[in-house]
Amino acid sequence: MARIAGVNIPTNKRVTIGLRYIYGIGPTKAAEICAKLGIPDERRVNQLSDDEVLRIRELIDREYRVEGDLRREVAMNIKRLMDLGCYRGLRHRRGLPVRGQRTHTNARTRKGKAVAIAGKKKVTK
């Protein structure tokens with residue numbers, strides 16, 4: 001099992017798919033890394049030599065911000081918005097959608113499970 005940037009990469013997957021398990025590396029960056037190092041698309045992680053794994057690890061450390069550093073940067077950006085008291089910061093603080101989505105209905109991912117309102121009864125006809 002290859003360990004890159006503190007993440008165990010699944011051995012039976014293709015390299016471009018396996019690299020996506022690292023926070024901060026998506027489809028485009030994974031393909032870019034393989035292209036820079038000359039690793040074919042159909043190559044599997046378990047077929048990589050120790051030298052290739054080392055080259056991938058060094059390239060990611062040198063050119064990309066991933067895992068802990070990226071998570072820290074994102075958290076600091078959100079904290080900065082909250083400290084400023086700007087609209088986006090207030091939305092983060094209240095746990096509501098930040099990017100202009102409606103909240104009258106939907107938004108359950110951000111707001112959490114719906115809470116029933118006490119004393120509100122359905123009117124029957």
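Within region 32-43, is even one residue hydrophobic (A, V, I, L, M, F, W, C), farther than 16 Å from Ile9 by Cβ and free of Cβ contacts under 8 Å to residues at least 24 places away in the same chain?
yes
Which one of the conditions (1) open to solvent by 100 Å² or more (accessible area, probe 1.4 Å); (2) at pLDDT 90 or above; (3) of a type in the set (A, V, I, L, M, F, W, C) does Val115 fail to meet, given that it meets all the rest?
(2)
Check region 18-26 and report whether any residue there is touching a helix residue (DSSP H, G or I) at 6+ places or on another chain (Cβ under 6 Å) and at pLDDT below 90.
Taking every residue of region 18-26 in turn, none turns out to be touching a helix residue (DSSP H, G or I) at 6+ places or on another chain (Cβ under 6 Å) and at pLDDT below 90.
Go through region 82-92 and give me each residue that's in a helix (DSSP H, G or I) and loosely packed, with under 13 Cβ neighbours inside 10 Å.
If the condition is that a residue be in a helix (DSSP H, G or I) and loosely packed, with under 13 Cβ neighbours inside 10 Å, then Asp83, Leu84, Tyr87 are the ones that fit.
Given the structure, is Ile78 within 17 Å of the chain's Cα centre (by Cα) and closer than 30 Å to Ile17 by Cβ?
yes
From Gly68, Gly100, Gly95, which residue is open to solvent by less than 100 Å² (accessible area, probe 1.4 Å), touching a residue at least 12 places away in the same chain (Cβ under 8 Å), within 23 Å of the chain's Cα centre (by Cα) and at positive phi?
Gly95
Here are the criteria: (1) open to solvent by 40 Å² or more (accessible area, probe 1.4 Å); (2) of a type in the set (D, E, K, R); (3) farther than 30 Å from Ala114 by Cα; (4) assigned to a helix (DSSP H, G or I). Tell me which single one Lys79 does not satisfy.
(3)
If only one of Thr11, Thr28 is of a type in the set (Ser, Thr, Tyr) and closer than 18 Å to Leu54 by Cβ, which one is it?
Residue meeting the stated conditions: Thr11.
The values are calculated or read from the model by the stated rules, or taken from the named source; none is laboratory data. It should be emphasised that the depicted structure is a prediction, and the values quoted were computed from it without experimental measurement. Because the Cβ atoms are built from the backbone with ideal geometry, glycine has one as well, and the counts that use them run over all protein chains shown. Surface accessibility is based on the protein's heavy atoms, side chains included, excluding ligands, DNA and RNA. Shrake-Rupley method; radii C 1.70, N 1.55, O 1.52, S 1.80 Å.
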